[in-house]
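Trainee: Here it is, the structure, as structure tokens.
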Amino acid sequence: MDTEVFIAGGGVGGLALAVKLASEGVHVTIAEQLKKVSPLYKGELLQPKTLAILEELDVLEEVLANGNKIEHLEFQEVIPHQDREPEEIGNTQLSYHRLAGDYDYALMVPHETIKRVLRDKGKEYDDYFHYLPSTRFLGFVDGEAALKQDGEERTLRAEVYVGAEGRSSPTRRQMEVDLKRKDYNHHFLTVTFPRPEDFTHGKIVTAKEKFLGLFPLPDNEVRTVLMIKAGTYKTMKEQGIERVHEAYELLEPRLAEHVRTIQNWKPIQLMIPYTYHVDHYVKDNMALIGDAAHTVHPMAGEGMNLAIQDAAVLGDLLTWCKQQGKNYSEYLPEYEKVRRPRVEFLLKLSHLSALVYSVQYSWWRDFRTKAVQKFYDDDKLYVKQMLNISGLGRWDFNLIDRAVQGGFLPTRSKRISDGEQLKKMFRKSDDYPWKYKEGGH
Ligand SMILES: Cc1cc2nc3c(=O)[nH]c(=O)nc-3n(C[C@H](O)[C@H](O)[C@H](O)COP(=O)(O)OP(=O)(O)OC[C@H]3O[C@@H](n4cnc5c(N)ncnc54)[C@H](O)[C@@H]3O)c2cc1C
């Protein structure tokens with residue numbers, strides 16, 4: 001055996017898994033096709049559950065030092081005007097502080113920084129952490145991983161093979177999974193540019209047919225995401241960069257002069273949202289994590305988080321198997337049992353947010369404005385929403401909640417206690433049930 005666990009893909013998911021395994025004395029080899037950092041934008045918002053995992057991996061301090069804390073999210077609904085400031089018709093602030101416990105904030109960190117921090121941590125366990133850059137995983141030959149590094153091909157034998165290669169995954173192909181892709185009627189433009197120093201909280205500005213997400217990064221920069229109609233990117237580009245400046249100014253005049261620092265289309269990335277969820281994560285001694293298994297609509301900023309959360313659960317299971325002398329293949333389905341329902345739930349929530357912001361009628365906008373306000377007015381809705389997006393727990397919306405949100409029932413005056421909230425948070429025995437079922441650790 002060349003290694004105990006082979007991971008194809010050194011993105012956030014693969015690296016988080018490798019750090020967990022190496023830190024617990026499991027030999028892990030990661031093949032990453034890229035030589036250098038990727039210039040692609042791939043998500044920067046770390047949700048509270050992911051921060052808790054990064055603390056378990058002993059990298060939170062370093063990540064915090066490179067990030068900008070997001071404590072509040074502002075949802076502003078406006079009517080834009082060409083010749084004057086937009087007219088505000090709704091404004092709701094939701095705070096991560098409403099979450100019980102230590103992880104009551106989110107964090108914006110450049111994607112490549114998170115990867116660098118994880119790689120550096122992995123190197124501290126150099127007896128167990130074997131990172132192969134510029135190494136492409138080609139697929140399987142006689143049950144072994146076929147790799148191509150600097151033009152040379154070779155195979156590598158492992159006890160467990162993990163597909164963490166993102167959206168196009170050779171491991172997934174080998175596992176013959178079924179996958180149905182869902183597309184949307186909108187695309188996004190995303191770009192980072194300077195921000196005013198006091199622009200520090202997350203903000204989403206919406207109008208009929210318009211959506212602009214603003215997420216402050218460190219170093220007085222802001223990551224922005226502008227929704228456009230599917231298929232209009234080329235025409236916009238032909239119309240010139242001024243078209244982008246105007247679109248931003250119309251929705252957030254505070255950034256008018258900042259957006260003008262973008263002078264051409266080069267730093268602007270087109271994002272085409274789509275989703276899928278494979279029908280199984282595990283087959284024999286193979287498992288999928290992160291985008292190899294599922295992609296989520298980017299509206300909710302969950303993709304990177306789901307990948308790291310998958311890694312934490314799979315990492316714990318594999319470590320436990322090794323420590324208890326258990327057969328990896330026999331226990332791999334336990335990983336899917338924990339992760340699939342949680343991922344399915346978040347995929348649905350994100351899809352719903354996408355629908356809420358992409359239906360383009362005035363009556364829908366009015367409905368949306370009131371429904372978003374209800375999150376603030378009704379504490380149960382507020383707590384459920386923050387808990388669900390944080391990843392720290394799950395508290396499903398029921399018919400009564402939806403009726404309150406739709407204005408068919410009055411808002412409730414009861415405040416949700418921390419104790420009630422904590423009951424809905426995942427405990428260690430929910431995240432890592434194998435340890436508890438067998439009376440381990
Ligand atoms: C344009 C875009 C915007 C996004 N915006 C957000 C956001 O705002 N918030 C958010 O949370 N998520 C966002 N996401 C999703 C997020 O990037 C992914 O969910 C997350 O990166 C998944 O992590 P991963 O480790 O599973 O896969 P990836 O990050 O895709 O990593 C896979 C790695 O595998 C490598 N690889 C691929 N094939 C091979 C191979 N054959 N051999 C060796 N290496 C290979 C790749 O080079 C890459 O480094 C976005 C994604 C994209 C594409």
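The values are calculated or read from the model by the stated rules, or taken from the named source; none is laboratory data. Everything quoted here is computed from the prediction, not taken from an experiment. Cβ placement follows ideal geometry from the backbone for every residue including glycine, while neighbour counts extend to all protein chains displayed. Ligands, DNA and RNA are stripped out before the accessible areas are found, and what is left, the full protein with its side chains, is counted by its heavy atoms. Shrake-Rupley method; radii C 1.70, N 1.55, O 1.52, S 1.80 Å.
Trainee: Compute the orientation-averaged projected area for the range 361-423 from the convex hull of its Cα atoms and round it to one decimal in nm².
Mentor: Spelled out: convex hull of the Cα atoms, projected over all directions, averaged, 4.6 nm².
Trainee: Turning to a different aspect of this structure: Got a sec? Charge dipole of the chain, +1 on Cβ for Lys and Arg, -1 for Asp and Glu; which of V177, F408, M271 is way out at the positive end?
Mentor: Positive-end residue among those listed: F408.
Trainee: Let me make sure I get this right: for the range 226-357, a, b and c are the square roots of the gyration tensor eigenvalues over alpha carbons, sorted descending. Under 1.5 in a/c it's rounded, otherwise prolate if a/b > b/c, else oblate. Which is it?
Mentor: Prolate shape, in that a/c is at least 1.5 and a/b is the bigger ratio.
Trainee: Rounded to the nearest 20 debye, what is the charge dipole size of the chain about its Cα centre when +1 sits on each Lys and Arg Cβ and -1 on each Asp and Glu Cβ? Can you show the working numbers first?
Mentor: Details: 60 positive and 66 negative charges, 238 e Å.
Dipole of the chain, to the nearest 20 debye: 1140 debye.
Trainee: Calculate, for the chain, the solvent-accessible area per residue in square angstrom, rolling a 1.4 angstrom probe over the heavy atoms of the protein chains.
Mentor: With all protein chains present, the chain gives 45 Å² per residue.
Trainee: Is there a quick way to get the dipole size of the range 1-141? I mean about its Cα centre, with the Cβ of Lys and Arg at +1 and of Asp and Glu at -1; what is the value in debye to the nearest 20?
Mentor: Approximately 640 debye in magnitude.
Trainee: When the accessible area of the range 361-423 is computed with all protein chains present and a 1.4 Å probe, what percentage of it is carbon and sulfur?
Mentor: C and S fraction of accessible area: 60 percent.
Trainee: Give the accessible area for H81 in Å² (nearest 10); use a 1.4 Å probe, count only protein heavy atoms, and leave out ligands, DNA and RNA.
Mentor: So the heavy atoms of H81 present about 40 Å² to solvent.
Trainee: Past the 25 angstrom mark, what percentage of all C-alpha to C-alpha distances in the range 89-242 do you count?
Mentor: Summing the P(r) of the range 89-242 above 25 Å gives 59 percent of all pairs.
Trainee: Under 5 Å between amide hydrogens, which residues at least 5 positions from I7 or on another chain qualify, with H placed 1.01 Å from N in the peptide plane?
Mentor: T29, I30, A31, V162
Trainee: Let me know the charge dipole size of the range 361-423 about its Cα centre in debye, to the nearest 20, where only the beta-carbon of Lys, Arg (+1) and Asp, Glu (-1) is charged. It would help to have the intermediate numbers written out before the result.
Mentor: Numbers: 12 positive and 8 negative charges, 19 e Å.
With Lys and Arg at +1 and Asp and Glu at -1, about 100 debye.
Trainee: For the chain, how big is Rg over Rh, using alpha carbon atoms and the Kirkwood form of Rh?
Mentor: Reported Rg/Rh, Kirkwood definition of Rh: 0.98.
Trainee: If you project the alpha carbons of the range 55-102 onto the principal axes, what extent comes out on each, in Å, largest first?
Mentor: Cα spread of the range 55-102 along its principal axes, largest to smallest: 51, 24, 11 Å.
Trainee: Separate question: Dipole of the chain (Lys/Arg Cβ +1, Asp/Glu Cβ -1, origin at the Cα centre): which of L347, L288, P133 lies farthest to the positive side?
Mentor: With unit charges placed on the Cβ atoms, the residue in question is L347.
Trainee: Explain nothing, just compute: Karplus ³J(HN,Hα) = 6.51 cos²θ - 1.76 cosθ + 1.60, θ = phi - 60°, for every residue of the range 142-148 in order, whole Hz, x for Gly and Pro.
Mentor: 6, x, 10, 7, 8, 10, 10
Trainee: On to the next question. Explain nothing, just compute: Karplus ³J(HN,Hα) = 6.51 cos²θ - 1.76 cosθ + 1.60, θ = phi - 60°, for every residue of the range 226-239 in order, whole Hz, x for Gly and Pro.
Mentor: Each residue of the range 226-239 in turn: 10, 7, 10, 5, 4, x, 9, 4, 5, 4, 4, 4, 5, 6 Hz.
Trainee: Now for a different question. Show me, for the range 81-88, the HN-Hα J-couplings you get by feeding each phi into the Karplus relation (A = 6.51, B = -1.76, C = 1.60, θ = phi - 60°), rounded to Hz, glycine and proline as x.
Mentor: Along the range 81-88, the couplings run 10, 5, 9, 7, 4, x, 8, 7 Hz.
Trainee: Once each part is reduced to its C-alpha centroid, what is the distance from the range 384-426 to the range 5-82 in angstrom?
Mentor: 27
Trainee: Can you tell me the relative contact order of the chain? Whole percent, Cα pairs under 8 Å, sequence separation 6 or more.
Mentor: Once normalised by length, the contact order is 19 percent.
Trainee: Listed highest first by mean packing, meaning other Cβ atoms within 10 Å per residue, what order do 425-432, 24-31, 52-59 come in?
Mentor: Answer by packing, highest mean first, reads 24-31, 52-59, 425-432.
Trainee: In the chain, if the dipole is taken from +1 on Lys/Arg beta carbons and -1 on Asp/Glu beta carbons about the Cα centre, which of V5, V59, G43 is farthest to the positive end?
Mentor: G43
Trainee: Please compute the alpha carbon radius of gyration of the range 301-407, then divide it by the globular-protein estimate 2.2 N^0.38 Å. Two decimals is fine.
Mentor: On the way: Rg = 18.3 Å, N = 107, 2.2 N^0.38 = 13.0 Å.
This ratio for the range 301-407 stands at 1.41.
Trainee: Under a crude label model (7 Å from the Cα following the beta-carbon direction), how far is M1 from N327 in nanometres?
Mentor: Output for this residue pair reads 1.4 nm.
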